[in-house]
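Here's the structure, in structure tokens; my notes come after.
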Amino acid sequence: MTALQTEARRVSQFGFTASELDRAKRSMMAFYERAHNERDKSESSSFAQEYLSHFLSGEPSPGIAYEYRLVQQLLPDITVADVSTMAKDRLSGEGLVILAVTPKKDGIRVPEGADLRAAFEEGERTVVTPWNDATVTRALVERMPTPGTVVSRREIADIGVTVVTFSNGVEAWLKPTDFKNDQIIYSMYAKGGGSVASDADYLQARFATQYVELSGLGGLSAVELDKKLAGTLASSSTYIAGSTHGINGSASPGDLETALQLTYLGFTAPGDSPASLLLMKRQLEVAIANRDRSPGQVFGQKVAEINTSNHFTSKPLTPADIAALDRAKMLSFYRERFANAADFTMFMAGAFKVDAVLPLLGQYIGSLPSLGRPTSNFKDQGVHFPTGVQRVNVQKGREPRSQTLISFFADPPFDSLEQEKIIATTAVLNTVLRDSLREALGQTYTVQVGFSQAVPLRGNGSVGISFNAAPGNIASMTERVLDEVKKLQADGPSADLVEKAKEGARRDYETALKQNSYWLGRLHRLHLVGGNASEIITRNGRIDSLTPAVIQDTFKKYFPMDRMTVITLIPE
């Protein structure tokens, strides 16, 4: 509170700087430019929200074309004096209210009104000086890399994808689209991820990318990088998952080079800052401080432990774990994962032309350091769904509301038809349970059925049925859910239920085919599991093949009554 009031007084006395205002203007203009560029591809939900705000609160709704012209007209004339004067008026302290909400917990001293007033007054007494807004004038990439060359190129005509291989071994799958006017998204992945870390160093691998993100890139701190990127629609972030690692990026067509530069730096120049390690540890300590008091988090943790057979990767983070995080180990693991570009495959979708984008990809992707051949692969860490039947109650919280998750072992092969069957089966079951639990019995707020499977490994897939209700009803509802599953196994679903599931799948598929993210995700998954990319456009045939007999057989196969867990959250 003292720090907030100190900064408020700094603004009140000295106002903002020209560089701060410039960044704000660039960010605001970039937002309106993207909205204007996408005006003929806007989603219906954005119009619905505009209508709602206009009707309920009288908010003007002239349309993005008018708003963009208005911003272009007014924004350049807004001065530092304008924003500084407004800030001083807003921060004058008149009508000030201080509201503090604190946890009721042993060992925590709740601040009194006098304590809050004292903290505020300390900020009032602090001597402030003008803010020194250090600006970054250097280039993002100071020394341009030598571009790589394209050594092979092929077309997958039926899905409109061009696949090129660069001289460093990176293979890029390029899908130009007209779904959005101002969007390009891409990803790069390699096999390995956290699975290649030793058990003892698993947490070092898990938090390596978070540490680098806080430390910055290419010699620029995270704050300097944020200033440098103000007004650009470009992002790039690294990740290390269970069995894969890589980079996700997005940009407007005009800012694609900036995004690719960030990706290049993510490979070649990760940040390393002792101060960032301390910051990360403080953030993690805060994140887990009240975790054990949250019924939802305690329940989720118990689900993770039981459904992975108490695997070490599902254990909750402890203060000792946080203290043991080692800057050198995290950075070393990160650098090892991104040392060989030949391990990576790239996927890109959006508003670009292949021949126009290849020089940029050659400059920043084809130039990445490489051993010339893939060297990384994932390891099976032995995460498996438990055998037998387990029923566990979790007592936490005082709210008169319970939640149950029933999980069945379901680990189908990655064959697209088999995956389609289980997706349709969950849709049928969701409809049945919605009707029987919510509408017929009126005893649940929500019911959800979902299928999860960790690609590319097998052994931990499951179908989960989640619902909540009053504690007194939860036991009978659990048995009703199991009875409905047994009935579908014995008798199969009606033709009408199956047809509704198929209609829903077709609608979802039709929408997905016009989304860049869908193409990126499907290309990535099929490549990872060794599937045929052309299957992306043949899903309707798989949907059409579904029958009540097929769905009944799927219920028998992937809802085993002798291999399931029933975990219930109940009040203390």
(request) Over the range 325-427, give the accessible area per residue in Å² for a 1.4 Å probe, as an integer. (result) 44
(request) With an 8 Å cut-off on Cα pairs and a minimum separation of 6 or more residues, tell me the relative contact order of the range 284-385 in percent. (result) 34
(request) With θ set to phi - 60°, apply the Karplus curve 6.51 cos²θ - 1.76 cosθ + 1.60 along the range 503-509 and write out the HN-Hα couplings as whole Hz, x wherever there is a Gly or Pro. (result) 4, x, 5, 5, 5, 4, 5
(request) Rounded to whole Å and sorted largest first, list the principal axis extents of the Cα atoms in the chain. (result) 76, 68, 56
(request) Give K105/K302; K353/K514; K379/K556; K302/K396; K180/K353 a once-over and call out the pairs whose C-alpha atoms are over 20 Å from each other. (result) K105/K302; K379/K556
(request) Multiply the residue gap between D77 and R335 by 0.36 nm, knock off their C-alpha separation, and tell me the result in nm, one decimal place. (result) 88.2 nm
(message) Give the residue list of chymotrypsin sites (Phe, Trp or Tyr not before Pro) in the range 363-466 that are DSSP loop and have at most 13 other beta-carbon atoms within 10 angstrom.
(response) Y445
(message) How charged is the neighbourhood of G169? Take every other residue with its Cβ under 9 Å from the Cβ of G169, and add Lys/Arg as +1 and Asp/Glu as -1.
(response) -1
(message) Leaving out ligands and nucleic acids, and using a 1.4 Å probe, what accessible area per residue does the range 161-258 come to in Å²?
(response) 33
(request) Kindly report the accessible area of the range 33-96 per residue (heavy atoms of protein chains, probe 1.4 Å, no ligands, DNA or RNA), in Å². (result) 76
(request) Return the sequence-ordered ³J(HN,Hα) values of the range 107-124 in whole Hz as given by the Karplus equation 6.51 cos²θ - 1.76 cosθ + 1.60 applied to θ = phi - 60°, using x for Gly and Pro. (result) x, 9, 8, 6, x, 7, x, 5, 5, 5, 5, 5, 5, 5, 5, 5, x, 5
(request) List the relative contact order of the range 76-169 as a percent without decimals, with contacts defined as Cα pairs under 8 Å and 6+ residues apart. (result) 13
(request) Run the numbers on the chain and let me know its relative contact order in percent, using alpha-carbon pairs under 8 Å that are six or more apart. (result) 17
(message) Rounded to whole Å, give me the distance from the Cα center of the range 21-51 to that of the range 316-395.
(response) 32
(message) Using a 10 angstrom Cβ neighbour count of at most 14 plus a DSSP loop assignment to flag exposed trypsin sites (Lys or Arg not before Pro), which longest range of the chain is free of such sites?
(response) 144-352
(request) Tabulate in residue order the Karplus-calculated ³J(HN,Hα) for the range 88-105, using 6.51 cos²θ - 1.76 cosθ + 1.60 with θ = phi - 60°, rounded to whole Hz; enter x for Gly and Pro. (result) 4, 5, 5, 9, 5, x, 5, x, 5, 10, 10, 10, 10, 10, 10, x, 8, 8
(message) Apply the a/c threshold of 1.5 to the C-alpha gyration tensor of the range 50-95 and tell me whether it is rounded, prolate or oblate.
(response) oblate
(message) Let me test this: with uniform point scatterers at the alpha carbons of the range 257-345, what is the Debye-based log₁₀ I(q)/I(0) at q = 0.17, 0.22 1/Å?
(response) -0.94, -1.06
(request) Would you grab the residues whose amide H sits under 5 Å from the one on S367? Only those 5+ places off in sequence or on another chain, please, with H modelled 1.01 Å from N. (result) G148
(message) Give me the net charge for the shell around P274: Cβ to Cβ below 12 angstrom, other residues only, Lys and Arg +1, Asp and Glu -1.
(response) 0
(message) Students sometimes get this wrong: rank L96, L331 by accessible area, probe 1.4 Å, all chains present, largest first.
(response) L96, L331
(message) Which of the three applies to the range 435-534, rounded, prolate or oblate, going by the alpha-carbon gyration tensor with a ≥ b ≥ c and a/c under 1.5 meaning rounded?
(response) prolate
(request) Quick one: net charge around Y239, please, counting Lys, Arg +1 and Asp, Glu -1 for every other residue with C-beta under 14 Å from its C-beta. (result) +2
(message) Could you work out [θ]222 nm for the chain from helices alone, using -39500 (n - 2.57) per DSSP H run of at least four and dividing by all its residues? Round to the nearest 500 deg cm²/dmol.
(response) -14000 deg cm²/dmol
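The values are calculated or read from the model by the stated rules, or taken from the named source; none is laboratory data. Not measured: the values here are computed from a predicted model. All Cβ positions, even for glycine, are placed from backbone atoms using ideal geometry, and neighbour counts span all protein chains on display. For the accessible areas, the whole protein counts, side chains as well, though only heavy atoms, and no ligand, DNA or RNA atoms are used. Shrake-Rupley method; radii C 1.70, N 1.55, O 1.52, S 1.80 Å.
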